[in-house]
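Please read the structure below before turning to the comments.
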Amino acid sequence: MQEDFHYYATYCAAFLAGYSHAESLDIAYSAQFVDHCSRTLLAKIKGPSEAATTQLQLELMEARTDRVGLQDITRIWSSFHFLPKDLHAEKGKRCSKLYLSKYRLICGPNGDLVVRTVELAKDKPLQSVGIAMHVLADTWAHMNFAGTPSLVINNTNYVFSELFPDGNGYREKQINFVHKASTPDDLENSIYTNSLYQSSENSIMNLGHGRAGHLPDYSFVRYKYLPAWGEYEEIVKDNPSDYMKAFTQMIFAMKYLRGDIPAFEKNMYDTEAVGPWLGRINEILERRQLIACEDWKAFGEELSGQTVEDYAIDRYFEEYTTSSAEDKEETFLGRFIRGAITHKGMVIDEIYRSGNKLAGKAK
Amino acid sequence: MNIFQRIKKILLALMMILAALIFLVSPADAALLTIIVILALGLAAKGIKDIIFYFRMARHMVGGKLILFQGVLVLDFALLTLSFYNIPKIFMLLYLAGVHAFSGVVEILRAMEARRTVDGPWKLKFAHGVVNIALAAVCMIFISNISIAVLIYSAGLVYSAGVMIFDSFRRTSFVLIE
C-alpha cells in the first residue's frame, strides 16, 4: 500500500470511526510514517535504531544475508509490512524445518497476530493506533507474500495476468514485467516493474512482493498468478474488494480502540459506517491510477469539512530533536518510537515462541 | 551488490589473474591440470549445492524442478571436466576455450535481456561477451601453436578479471519493490 491508503484513507477511516479531525490526522501520520522510519532517518533525528519500521533501498543493498542479517530484515518486514497469518500453518507434504519456517511467515488478513496487534494498541497513544492500522491494512494488500527474503515463497513466474471486468466475467491480459525503476508502470499496456529474478534463496530481491512489482499496492487492480508456494494453484487477487475489506476492518478496529466496541474479532467489518459513501469509495478504489491521494484527500475533506494537510515527513522532527532526553518520550515521535518497539517486540516474541527462529529473539 | 558480494567478485577476479599468470610463467602441463581440477571442483560444488537446495527447499516451489535439472547438469559438467585429466594438453585448451566462448554467449544473452528490461548499463556486458567469444575463437585458430594459444587464453582471463573488478566497484542498478 502507498501513501494514498496509509495516510489519506486511514484519515477517512479514523474519522468514520469517531475520531476528531486532529486525532485522525495524527493516526494517519503515524500509519504513513511506518513506511519512512528507517535507521537512516532515526540516525538523523538521533532516535533509537531498534525502532526502525522499514529499510531504505540503500540499507537493503548493504544488508547482510547471513543468519543474523536475515533475522534483522525479517523482524522489520514481518512485523510492520507482512504480518504472518498463521505461525502454526502446516504444509501437506513433508518438508524441511527451514521451509516450514518460511512458509509460516506468509502474510494474510484475519490471523491471530492481527488481533494481537490491534489489542496491543488499546489504551495506547494515537501513534500506536496508526502503527496498528498500517499493519492491519498491509495484511490485505501484501497477503500471500512473506516478509523475509525467500525465492521458494515469494517468487512468481510468467503465469501472471491482469483481469478486466467484461460482462459477467473477466477478460485476461498477460502482464509484462520489466526491471526499470525509472520508468513508471504502464497501466494502459499492463507493463509493470518488478524486482529481478535471483536464483539465490536469500537474495534481497526475493523479499516480500518484489517479484510481483507494485501490483499489490494498487487498489484498482485484479490479477491472477502462480505463487511459488502454492502447489501450482492459481490465485486470483481482487484488490478493490480486499481494499474495501481493509478499510472497513480499520473502522471496526478503531471503534474497538476508542471503546465503542467491546472486542476486536476476526472477520468483522464495519460496512454500516461506509454505507452512505459506498459508491464513492468504490469509485476511488476502482479508478486506474498510480496513486489515489487526491481522491482520498477530497473524500476526507468532504467527510470532516476540514482541510486535510498533506503528509510531510518532517512534521514532528523539530519537536523531537529539540526536546531534552527526559521529554523526548512524550513527544509525538517519542510515542511513535515506543509504539513501534513494543509492536515489533510482540511480533518477534510470537514468532520465536512458535518455534520459528527466522526473526530471532526479542531483546 | 552488497559489500560481501563485491569482495567475492574481486577475489574471483584475482584468482583468474593468478591462473593467467601461472599459465604465462609456467606453461607446463601441471598448470593446465590444476586449472581443470579447480574448474571441476567449482562446478561440482555448485551442482551439489543446487541439488541439496532442491531437496531441502525448492521441491515445494513452482518451477523448482528447474533447479534440480540445473544442479544435475552442472554436476555432469564437473565430471566431464574432471574426465579430461588424462587427455592431451591441446584438447584441454580447446575445452577451456570452449567454456570461455560459452560464458561469452551467456554474457551477450544477459546483456540483450538487460537492454530490454533493466535500467542501467548493458554495453559493457555485451562487449565483455563479444571479446570473450573473439578470444576463444582466436585461441582455437592458434591451437596448433600451444604457447600462443595459452598466451591468448591468459589474455582472455585477465580481460574478464579486469571487467569483473571494474564491475564490482561500479554503482549497481537496484530494483526493489517495498
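The values are calculated or read from the model by the stated rules, or taken from the named source; none is laboratory data. Remember, predicted model here, so these are calculated numbers, not experimental data. Heads up, the Cβs are rebuilt from the backbone with ideal geometry, glycines too, and the neighbour counts pull from every protein chain shown.
Spot the failing condition for A:Thr40; the list is (1) over 30 Å from A:Ser150 (Cα atoms); (2) polar (S, T, N, Q); (3) surrounded by fewer than 23 Cβ atoms within 10 Å (Cβ to Cβ); (4) in contact (Cβ under 8 Å) with a residue 12 or more places away in the chain, and only one is missed.
(1)
Can you tell me which of (1) more than 22 Å from the chain's Cα centre (by Cα); (2) modelled with pLDDT under 95 is the one A:Ala359 doesn't meet?
Only one criterion is unmet by A:Ala359, namely (1).
Among the residues that make up the stretch B:66-78, is at least one of them under 23 Å from A:Leu100 (Cβ atoms), of a type in the set (Val, Ile, Thr) and under 22 Å from the mean Cα position of the chain (by Cα)? First the steps, then the outcome.
Within the stretch B:66-78, the first condition is being under 23 Å from A:Leu100 (Cβ atoms), and the residues that meet it are B:66-68, B:71.
Within this subset, residues satisfying the condition of being of a type in the set (Val, Ile, Thr) are B:67.
When the remaining residues are screened for being under 22 Å from the mean Cα position of the chain (by Cα), the result is B:67.
Yes; the residues of the stretch B:66-78 include at least one that is under 23 Å from A:Leu100 (Cβ atoms), of a type in the set (Val, Ile, Thr) and under 22 Å from the mean Cα position of the chain (by Cα).
Of (1) within 30 Å of A:Ser150 (Cα to Cα); (2) touching a residue at least 60 places away in the same chain (Cβ under 8 Å); (3) not polar (S, T, N, Q), B:Ile146 satisfies all except one. Which?
Single failed check for B:Ile146: (1).
Looking only at residues that are part of a loop (DSSP other than H, G, I, E, B), more than 14 Å from chain B (Cβ to nearest Cβ) and not aliphatic (A, V, I, L, M) in the stretch A:78-101, which one is nearest to the chain's Cα centre (by Cα)? Walk me through it before giving the result.
First, pick out the residues of the stretch A:78-101 that are part of a loop (DSSP other than H, G, I, E, B): A:81-83, A:85-96.
Cutting the leftovers down to more than 14 Å from chain B (Cβ to nearest Cβ) gives us A:83, A:85-88.
If we keep only those that are not aliphatic (A, V, I, L, M) as well, we get A:85-86, A:88.
Numbers: A:Lys85: 13, A:Asp86: 17, A:His88: 21 Å.
Top of the filtered list is A:Lys85.
Against the condition in contact (Cβ under 8 Å) with a residue 60 or more places away in the chain and of a type in the set (Phe, Trp, Tyr), how does A:Tyr197 come out, does it pass? Give the steps one after another, and end with the answer.
Details: in contact (Cβ under 8 Å) with a residue 60 or more places away in the chain: no; of a type in the set (Phe, Trp, Tyr): yes.
Spelling it out, it is not the case that A:Tyr197 is in contact (Cβ under 8 Å) with a residue 60 or more places away in the chain and of a type in the set (Phe, Trp, Tyr).
Specify the residue that is modelled with the lowest pLDDT; the eligible residues are those in the stretch B:73-119 that are crowded, with 16+ Cβ neighbours inside 10 Å and not in a helix (DSSP H, G or I).
B:Asp119
Taking A:Phe264 and the conditions (1) surrounded by 19 or more Cβ atoms within 10 Å (Cβ to Cβ); (2) farther than 21 Å from A:Leu126 by Cβ, which numbered condition does it fall short on, given that it satisfies the others?
Tallying (1) surrounded by 19 or more Cβ atoms within 10 Å (Cβ to Cβ); (2) farther than 21 Å from A:Leu126 by Cβ, A:Phe264 fails exactly one: (2).
Taking only the stretch A:148-194 into account, find how many residues are in contact with a Lys or Arg (Cβ under 6 Å, 6 or more places away or on another chain), under 21 Å from A:Leu58 (Cα atoms) and charged (D, E, K, R).
Adding up the residues that qualify gives 0.
Does B:Ile177 meet the test of being more than 14 Å from every other protein chain (Cβ to nearest Cβ) and either farther than 29 Å from A:Ser182 by Cβ or at pLDDT below 85 (or both)? Quick ask: steps written out before the conclusion?
Details: more than 14 Å from every other protein chain (Cβ to nearest Cβ): no; either farther than 29 Å from A:Ser182 by Cβ or at pLDDT below 85 (or both): yes.
In short, no.
Residue check: is A:Met244 within 19 Å of A:Asp295 (Cβ to Cβ) and assigned by TED's automatic domain parsing to the domain that holds A:Gln71?
Values: within 19 Å of A:Asp295 (Cβ to Cβ): yes; assigned by TED's automatic domain parsing to the domain that holds A:Gln71: yes.
It is true that A:Met244 is within 19 Å of A:Asp295 (Cβ to Cβ) and assigned by TED's automatic domain parsing to the domain that holds A:Gln71.
To keep it simple, each residue is scored yes or no on (1) within 14 Å of another protein chain (Cβ to nearest Cβ); (2) surrounded by 17 or more Cβ atoms within 10 Å (Cβ to Cβ); (3) under 19 Å from A:Glu201 (Cβ atoms); (4) at pLDDT 95 or above.
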site	(1), (2), (3), (4)
A:His21	no, yes, no, yes
A:Ala28	no, yes, no, yes
A:Ala31	no, yes, no, yes
A:Ala51	no, yes, no, yes
A:Thr54	yes, yes, no, yes
A:Leu58	yes, no, no, no
A:Arg64	yes, no, yes, no
A:Gly69	yes, yes, yes, no
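Among residues belonging to the stretch A:213-224 that are assigned to a loop (DSSP other than H, G, I, E, B) and of a type in the set (Phe, Trp, Tyr), point out the one that is farthest from the other protein chains (Cβ to nearest Cβ).
The first filter runs over the stretch A:213-224 and keeps only residues assigned to a loop (DSSP other than H, G, I, E, B), leaving A:213-214, A:218-221.
Then drop every residue that is not of a type in the set (Phe, Trp, Tyr), which leaves A:218, A:220.
Numbers: A:Tyr218: 12, A:Phe220: 17 Å.
Once the filter is applied, the top-ranked residue is A:Phe220.
Taking strands (runs of 3 or more DSSP E) that do not extend beyond the stretch A:102-212, which have at least 3 residues that are farther than 30 Å from B:Phe4 by Cβ? Spell out how you get there, then give the answer.
Working: elements: A:160-166, A:169-174, A:176-178, A:191-193.
Here the list reads A:160-166, A:169-174.
Could you check the stretch A:152-196 and list, in sequence order, the residues that are under 27 Å from A:Ile291 (Cβ atoms), within 14 Å of chain B (Cβ to nearest Cβ) and of a type in the set (Ser, Thr, Tyr)?
A:Thr156, A:Ser182, A:Thr183, A:Tyr192, A:Thr193, A:Ser195
Residue check, A:Glu326 against (1) touching a residue at least 60 places away in the same chain (Cβ under 8 Å); (2) exposed (fewer than 13 other Cβ atoms within 10 Å of the Cβ); (3) of a type in the set (D, E, K, R), all met but one. Which one?
Just one mismatch for A:Glu326, condition (1).
Out of (1) within 14 Å of A:Cys107 (Cα to Cα); (2) within 13 Å of another protein chain (Cβ to nearest Cβ), what's the single condition that is false for A:Met143?
(2)
Name the residue, out of A:Arg353, A:Arg315, A:Arg280, that is without any contact (Cβ under 8 Å) to a residue 12 or more places away in the chain and under 27 Å from A:Val118 (Cβ atoms). It would help to see each step written out before you state the result.
Numbers: A:Arg315 fails: without any contact (Cβ under 8 Å) to a residue 12 or more places away in the chain; A:Arg280 fails: without any contact (Cβ under 8 Å) to a residue 12 or more places away in the chain.
Criteria check complete, one pass: A:Arg353.
So is B:Arg6 out of contact with any strand residue (DSSP E or B) (no Cβ under 8 Å at 6 or more places or on another chain), within 24 Å of A:Asn155 (Cα to Cα), within 14 Å of chain A (Cβ to nearest Cβ) and not small (Gly, Ala, Ser) or not?
Values: out of contact with any strand residue (DSSP E or B) (no Cβ under 8 Å at 6 or more places or on another chain): yes; within 24 Å of A:Asn155 (Cα to Cα): no; within 14 Å of chain A (Cβ to nearest Cβ): yes; not small (Gly, Ala, Ser): yes.
Here the answer is no, as B:Arg6 does not meet what is asked.
Could you identify the single residue in A:Thr321, A:Thr331 that is surrounded by fewer than 17 Cβ atoms within 10 Å (Cβ to Cβ) and of a type in the set (S, T, N, Q)? Full working, then the answer.
Values: A:Thr331 fails: surrounded by fewer than 17 Cβ atoms within 10 Å (Cβ to Cβ).
Just one listed residue meets the conditions, A:Thr321.
Take the stretch B:18-67 and flag every residue that is aromatic (Phe, Trp, Tyr), surrounded by 18 or more Cβ atoms within 10 Å (Cβ to Cβ) and either within 11 Å of chain A (Cβ to nearest Cβ) or without any contact (Cβ under 8 Å) to a residue 40 or more places away in the chain (or both). Steps first, please.
Here is the first cut: in the stretch B:18-67, the ones aromatic (Phe, Trp, Tyr) are B:23, B:53-55.
Next, only the ones that are surrounded by 18 or more Cβ atoms within 10 Å (Cβ to Cβ) stay: B:23, B:53-54.
Within the stretch B:18-67, B:Phe53, B:Tyr54 meet the criteria.
Can you confirm whether A:Ser304 is over 30 Å from A:Arg280 (Cα atoms), touching a His at 6+ places or on another chain (Cβ under 8 Å) and in contact (Cβ under 8 Å) with a residue 12 or more places away in the chain?
Details: over 30 Å from A:Arg280 (Cα atoms): no; touching a His at 6+ places or on another chain (Cβ under 8 Å): yes; in contact (Cβ under 8 Å) with a residue 12 or more places away in the chain: yes.
Judged against the criteria, A:Ser304 is not a match.
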